[in-house]
1. What number of residues within region 64-107 satisfy the criterion of being of a type in the set (G, A, S) and either farther than 21 Å from L163 by Cα or touching a strand residue (DSSP E or B) at 6+ places or on another chain (Cβ under 9 Å) (or both)?
2. Within region 68-84, is there a residue that is touching a Phe, Trp or Tyr at 6+ places or on another chain (Cβ under 6 Å), modelled with pLDDT of 75 or more and surrounded by 11 or more Cβ atoms within 10 Å (Cβ to Cβ)?
3. State all residues of region 211-224 that are crowded, with 16+ Cβ neighbours inside 10 Å and either of a type in the set (A, V, I, L, M) or touching a helix residue (DSSP H, G or I) at 6+ places or on another chain (Cβ under 8 Å) (or both); if no residue qualifies, say none.
4. I want to confirm something. Restricting to region 154-211 and keeping residues that are acidic (D, E) and over 20 Å from V75 (Cβ atoms), which single residue is modelled with the lowest pLDDT?
5. Can you pull out every residue in region 183-205 that is in contact with a Leu (Cβ under 7 Å, 6 or more places away or on another chain) and surrounded by fewer than 16 Cβ atoms within 10 Å (Cβ to Cβ)?
6. Condition first: of a type in the set (S, T, Y) and either in contact (Cβ under 8 Å) with a residue 24 or more places away in the chain or surrounded by 12 or more Cβ atoms within 10 Å (Cβ to Cβ) (or both). Now tell me which residues in region 250-274 satisfy that.
7. For M232, which of the numbered conditions (1) at pLDDT 90 or above; (2) surrounded by 16 or more Cβ atoms within 10 Å (Cβ to Cβ) fails to hold?
8. When G19 is evaluated against the numbered criteria (1) at pLDDT 80 or above; (2) surrounded by 10 or more Cβ atoms within 10 Å (Cβ to Cβ), which criterion, by number, is the only one it fails?
Amino acid sequence: MNSGSDDDPSDGTATPETGNSVESGDLGDDLRTLMSRLQRLADPRTAFQAAQRPVEAAWRTVTGEEPRVQVTVAVLTAIGLMLALPERVANHPRWVLPGLAALLLIGVFVAKSARLERRSRALRIASLSLIAVMSISNAASAARLIVDLVRAQGIQDPTQLLLTGGAIWLTNVIVFGLWYWEFDRGGPVERAAATQPYPDFVFPQMTNPELAPLEWEPGFVDYLYVSFTNAMAFSPTDAMPMTRWAKLTMLTQSLISVITLVLVIARAVNILKT
């Protein structure tokens with residue numbers, strides 16, 4: 001006589017019908033997933049979004065030109081700081097260099113509205129002239145302040161001295177940020193046209209693409225941050241300079257920053273002690 005255990009369906013072994021049912025369920029799930037993907041691909045909106053998405057990092061491809069709102073705000077801030085300097089270190093007449101910078105800023109916007117074949121050259125001339133005027137103005141004020149500090153002359157109020165040194169230092173940060181922004185890979189117009197493949201500054205998003213979306217590309221705020229951290233730490237902290245001009249420019253900024261900060265703080269402390 002056969003034991004009852006031979007015909008017991010609960011012994012843990014799946015019958016052929018059960019196995020076929022499981023396989024049919026998996027096949028049905030796969031078909032539903034495939035149909036869902038096909039529907040998404042057939043959606044015109046999905047196709048349009050895919051067409052708009054760059055196939056590689058935006059900083060390597062042709063893109064739209066960067067808006068200059070942030071640059072305008074930075075330039076106006078620098079002009080305001082130059083006008084706020086005390087008579088002892090300000091350029092005279094006080095309105096000449098800041099006024100010239102304001103006129104050149106207007107020239108930048110005029111150049112942007114010029115005809116396409118003349119736009120790039122006129123815009124670059126206006127931009128470089130603007131940065132050069134701001135650099136000369138701030139360098140002259142910094143030189144006067146440093147001479148007074150070395151001779152223990154000039155501003156005797158420690159608060160005014162710190163504010164003056166801070167204004168010159170901050171203007172220096174803006175000016176060097178503009179230089180970096182204007183010269184990296186030929187400037188904003190050339191970067192948008194992707195004419196130069198090799199960057200002068202390598203940002204973390206360039207070496208680690210997974211840290212940023214494909215649409216990312218360096219803008220003025222990125223270069224301003226590079227300038228700020230270089231002036232604070234006296235060395236690159238965010239983006240690494242790759243070309244000689246970038247390294248020498250950062251070296252010059254660090255040297256100016258350390259001299260200004262050390263002398264201003266030391267003089268202020270000396271005044272407070274006396």
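The values are calculated or read from the model by the stated rules, or taken from the named source; none is laboratory data. What you see is a predicted model; the values in this text were computed from it and never measured. Counting neighbours? That spans all protein chains shown, and the Cβs are built from the backbone with ideal geometry, glycine included.
1. Of region 64-107, the ones of a type in the set (G, A, S) are 64, 74, 78, 80, 84, 90, 99, 101-102, 107.
In the following step, the residues that additionally are either farther than 21 Å from L163 by Cα or touching a strand residue (DSSP E or B) at 6+ places or on another chain (Cβ under 9 Å) (or both) were identified as 64, 99, 101-102, 107.
Total satisfying the criteria: 5.
2. At the first step, the residues of region 68-84 found to be touching a Phe, Trp or Tyr at 6+ places or on another chain (Cβ under 6 Å) are 70-71.
Retained after the next criterion (residues that are modelled with pLDDT of 75 or more): 70-71.
Going one step further and asking which of them are surrounded by 11 or more Cβ atoms within 10 Å (Cβ to Cβ), we end up with 70-71.
For region 68-84, residues touching a Phe, Trp or Tyr at 6+ places or on another chain (Cβ under 6 Å), modelled with pLDDT of 75 or more and surrounded by 11 or more Cβ atoms within 10 Å (Cβ to Cβ): present.
3. Listed by number, the residues that qualify are A212, W216, E217, P218, F220, Y223, L224.
4. E210
5. Quick first cut of region 183-205, residues in contact with a Leu (Cβ under 7 Å, 6 or more places away or on another chain) only: 189, 204-205.
Selection gives P204 alone.
6. First, the residues of region 250-274 that are of a type in the set (S, T, Y): 252, 254, 257, 260, 274.
Listed by number, the residues that qualify are T252, S254, S257, T260.
7. (2)
8. Just one mismatch for G19, condition (1).
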